[in-house]
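Structure, as structure tokens:
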Amino acid sequence: MATNRQFRICVKCNSIVSRRSTPIGQRGVPELDGNYGTTTVETRGLPKRDLWLLPLISLATLLVLVIVAEAAARIAWPEQKTNSCTKPDSALGYRFMPDCTSRMKSAEGPWYTNDYNDCGYRSAQPCTPVPAGTRRIALIGSSLAEGYLVPYPDTIGARLAQDLTRRCGAPVEVQNLGGMGYFSARRPMLRLEEALTLRPNAVILVLTPFDLETGIMEEEEDLTPAGPVVNHLGVRGRLFIHLKESRAFMMAQHFRFRDMAVYLPLYLNYGDKADYLRPPFTPPWQERLRRLDERLGQLSERAHAAAVPLVIAFVPQEAELVLMTQQAPPPGVHPDALPEAIAAIAARHDVGFVDTSDVLKTQANPELLYYQVDGHLSGDGQPLAAQSIARWFGAGLFSTCQADHSSAPEATP
Amino acid sequence: MNVPSPEFLAFSAVAALLFNAGGAVWWRRMVLFIANALFLASFSHDLGAFMPFAGFLLLGYGAQRVTWNKGNRRLFPVLLIVTLAAFFWLKRYSFIPSEAFLPFPYVLIGLSYVFFRVIHLIVDSYEGDVTKPVDPLSYLNYTLNFTSLVSGPIQRYQDYHAMETEPLALDLPVAGRALERIIVGYFKIAILSMLLSQAQHHAADALKDARTLPESVWLGAQIVAIYPLYLYCNFSGYVDVVIGVARFFRIALPENFNRPFSAGNFLDFWSRWHITLSQWLKTYVFTPLMLLMMKRVTAPSLAPFLAVIAFFVTFFLVGIWHGQTSVFVMFGFLQGLGVSGNKLYQVVMALWLGKKGYKELAKNALYHAVSRGLTFTWFAFTLIFFWGDWNQIDALKDDLGWTGGAAVLAAIWVVATVTLALWETLRARVLSIGGAGRSWVMSHYVRTAEATALAAVTLAILLLLNAPAPDIVYKAF
């Protein structure tokens, strides 16, 4: 029998008198437990009901923990992604209401206010005719151009206006016509047409790999939600949808994705979504680039006809940017492949091209410029993208703006 | 392979499955031996690095065989001294000239704990407490048992051998409790000790920039008071894990902790903290020393005072065992001072108030609470010489000054007295729910829920942080 031995010294008889032994692991006998003190091992084995009751208790505990975690996450990280300033639009799907204000928040970001001007653009300046001596830029594109989930002062549009005004020594304003989903189907052309009515000095199309992955492939004009998709999904599909909507899961992802050793392999294994990083391009990506070529041809033709320079501002995805900063990306991965292909297409159509990664990748932790789970460039990243665009304009299109404060369009650099 | 790692758990699970796959004693002994060898091999890929360790084990085995059952009375002290010398030499104690050390790196993991087992085996074999000669496989499985190799606990050979030949039962309730121990252990190591360590480092970094005395005292108190809690979570968490793992090998390792911060005095504290080490030292140092002194000083009235001396020597050795540098001499001195001072106080108080009067005083709730707070404070103070080197201790002294230092200890004493008293009251109240002997909190239903919650929280935090659990502090010893 296993025991614990202890000595006692008899002072009077000058010797060891007892070796007390305590049994170990004997049922019904008190024994020491390091965490609970002295306890008695239960004399009986488990009742049969415990074979299902104990696992059930475990499951119930996990369920309670999940509910508590979800509730705590929703309190700690509130989210408001519905924009109350949208109204249905037959051509665009939706449109922002003029002179409207709404408050939004990404779970990963701060609360912010959307203020729309008299034309429903997210700009501080009115869309009235350009005042003399002021240069105007029209920004088109999808959510990133809009400054989705980012406070106005940190958006590309606001920062670009600020940077160019400082560089030029004369007012430069940006009319932001961007909006989520505005890169699909005929919408870019519709936005360009509307932008040209503002008589801008240049039109910037903000473009991300995500726009090519999804937006450019969409032919449908209807942007309204597709209805209760969940009902058509199987159990796994429903579970996935619920998991995606879970705030606690999102918080967990947020912290996990900050570690590039975790995030990059996950992203690279995303299949088609990440295939633009591995040239030669797969047939789906070749098709996307073909469509971009076609669409850019139409857009540039229209812009050139109006004698307004068109510029593409390319903003990389988080993983793409991080890979650009690595001295030795994984075998077969070429993070510059997509911007290089887009630049070639732009050059063919006499469209300016700015790769904002030239500034973004100089940051110490470029992954922190993005919302880790949402994937959009955050309020830390958008000013840097704007800086890159402003630098490009300062070196080319607006290089003479300090001397020439006229509002006439200039040639494409 | 670190104990607080998924690799260790996976390794243990596979080994335990194989161990329990066969019922024969030879099968289980072989599986355990292979598991022990593989675990040890995970610390180096160089076979030569294991040679000194192997030599030490061989020396220990030879010594216990030669002297078994008083087989060679003259050789016994010589072999004991040679074993001690070999240990000090291999551990590179600073009192040995460095030229004498082996000129190549070698594996030292768990050598201190192997040393305790070997000395115990030599002494008990010699005294006839080990009834049969120890065979080589039992010896290796006992000394190198992977569940307790790194930092104990120190098990007696007799206990180990009894479980080797007659393995303990491993039914569902036992497995459940073992799993619970592992979960609680991982929670303590990976979450509690990590958070406490971060808090202590944060306070240490901030102390340099403290501008006012109250700010310095606040930060100093955090630095000094958090470390014992961190060390407890780290070391007792490790012990929880290995006790749980060993149970799947049908071995009940002895407990090493018994709620040490509930101790009402420093003597009591050492019967609750690193129990197997203090018991080993009491058995092989304190008791022989007491007997030796009592042979010389025969007056029974002086025996309590002899115990004061024996306690000092024993716990001084506890201190210096922890490290090879001079700062650990101070640590040992303070341990010895604490225990022997405590004993002397008890002797004097018993003489002054009478045994009954002193017992009455010790039972007083306020007196007990204040003593408990003082015990914690003294231990926290002595640990400064455990976690800090002389440079760090000097820096702490410079940052706090004598006034600040005294204020820090006073603050810890007051806060520890109040906090521990509240904790004990709360614990007693919670444990009393459901009635005496049928505590609702101790029921396996509540403990299942508790273990599930701890496992989920630990796993979630480890996944989120994506960082390994902190290593075991006592691995260094």
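The distance from the alpha carbon centre of the stretch B:49-71 to that of the stretch B:359-429 is 43 Å, rounded to a whole number. Shielding value for B:161-171 is 2, the average number of Cβ atoms from other chains within 10 Å of each residue's Cβ.
By the Stokes-Einstein formula, at 1.002 mPa s and 20 °C, the stretch A:86-395 with its Kirkwood radius over alpha-carbon pairs has D equal to 106 µm²/s. Computed over every Cα-Cα pair of the protein assembly as shown and binned at 10 Å starting from 0, the pair-distance distribution P(r) comes out as 2, 10, 16, 17, 14, 12, 11, 9, 6, 3, 1, 0 percent.
Restriction of the trypsin sites (Lys or Arg not before Pro) in the stretch A:234-335 to DSSP coil positions whose beta-carbon has at most 16 other beta-carbons within 10 angstrom yields A:258. For residue B:359, the aspartates and glutamates whose Cα comes closer than 19 Å to its Cα, not counting residues fewer than 8 places off in the same chain, are B:268.
With contacts taken as Cα pairs under 8 Å at a separation of at least 6 residues, the stretch A:86-395 carries a relative contact order of 19 percent.
Dipole of the protein assembly as shown, Cα-centred, from +1 at each Lys and Arg C-beta and -1 at each Asp and Glu C-beta, to the nearest 20 debye? Numbers along the way, then the final one.
On the way: 76 positive and 70 negative charges, 1046 e Å.
For the protein assembly as shown, the charge dipole is close to 5020 debye.
Helices assigned as whole DSSP H runs in chain B whose Cα atoms extend at least 15 Å along their own long axis and whose mean Kyte-Doolittle hydropathy is 1.6 or higher are found at B:75-90, B:303-321. Taking each residue as 0.36 nm, the span from residue A:395 to residue A:105 lengthens on full extension beyond its C-alpha to C-alpha distance by 100.8 nm.
Peptide B:448-458 shows a mean partner chain C-beta count of 4 within 10 Å per residue C-beta.
Listed highest first by mean packing, meaning other Cβ atoms within 10 Å per residue, what order do B:422-433, B:137-148, A:193-204 come in?
Values: B:422-433: 12.4, B:137-148: 22.5, A:193-204: 20.7.
Highest to lowest by the protection proxy: B:137-148, A:193-204, B:422-433.
Cross-link list B:282/B:355; B:282/B:363; A:48/B:132; B:282/B:475; B:70/B:356: which exceed 32 angstrom alpha carbon to alpha carbon? Going by Cα-Cα distance, A:48/B:132; B:70/B:356 fall outside the 32 Å limit. Placing a pseudo-label 7 Å from each Cα along the Cα-to-Cβ vector at residue B:132 and residue A:75 gives an inter-label distance of 6.3 nm.
Which peptide among B:187-197, A:150-160, B:404-414, A:329-339 comes first, and what is the full order, when sorted by highest mean count of other Cβ atoms within 10 Å?
On the way: B:187-197: 21.9, A:150-160: 23.5, B:404-414: 18.7, A:329-339: 16.7.
Highest-to-lowest ranking by the protection proxy: A:150-160, B:187-197, B:404-414, A:329-339.
Counting only C-alpha contacts under 8 Å and six or more residues apart, can you give the relative contact order of chain B as a whole percent?
Reported relative contact order: 17 percent.
Over the stretch B:87-159, what is the relative contact order in percent, taking alpha-carbon pairs closer than 8 angstrom and at least six residues apart?
Values: 45 pairs, mean separation 25.7, N = 73.
So the answer I get is 35 percent.
Residue by residue along B:460-467, Cβ atoms of other protein chains within 10 Å of the local Cβ number 3 on average. Working note: Debye formula, equal point scatterers on the alpha-carbon atoms of the stretch B:260-431, no solvent; log10 I(q)/I(0) at q = 0.17, 0.18, 0.20 Å⁻¹ is -1.18, -1.26, -1.37.
At a Förster distance of 51 Å, what's the computed FRET efficiency of residue B:365 paired with residue B:27, Cβ-Cβ distance as r, to 0.05? Write out the running numbers ahead of the final one.
Working: r = 55 Å, r/R0 = 1.08.
Step by step, r from the Cβ atoms, then E = 0.40.
So what is the calculated 222 nm ellipticity per residue for the protein assembly as shown, using -39500 (n - 2.57) for each DSSP H run with n of 4 or more, over all residues, to the nearest 500 deg cm²/dmol? Walk me through the intermediate numbers first.
On the way: 32 runs with 479 residues, N = 890.
Roughly -17500 deg cm²/dmol at 222 nm, from the helical runs in the protein assembly as shown.
From the alpha carbon gyration tensor of the stretch A:257-348, can you work out the equivalent ellipsoid semi-axes (sqrt of 5 times each eigenvalue) and give them in Å, largest to smallest?
Working: eigenvalues 177, 40, 23 Å².
Here the semi-axes work out to 30, 14, 11 Å.
Taking Cβ atoms as reference points and 13 Å as the exclusive limit, the residues near residue B:164 contribute a net charge of +2, counting Lys and Arg as +1 and Asp and Glu as -1.
We did not get these values from a lab; they are worked out from the coordinates using the rules stated. What you see is a predicted model; the values in this text were computed from it and never measured. Here Cβ is always computed from backbone atoms with ideal geometry, including for glycine, and neighbour counts include all displayed protein chains.
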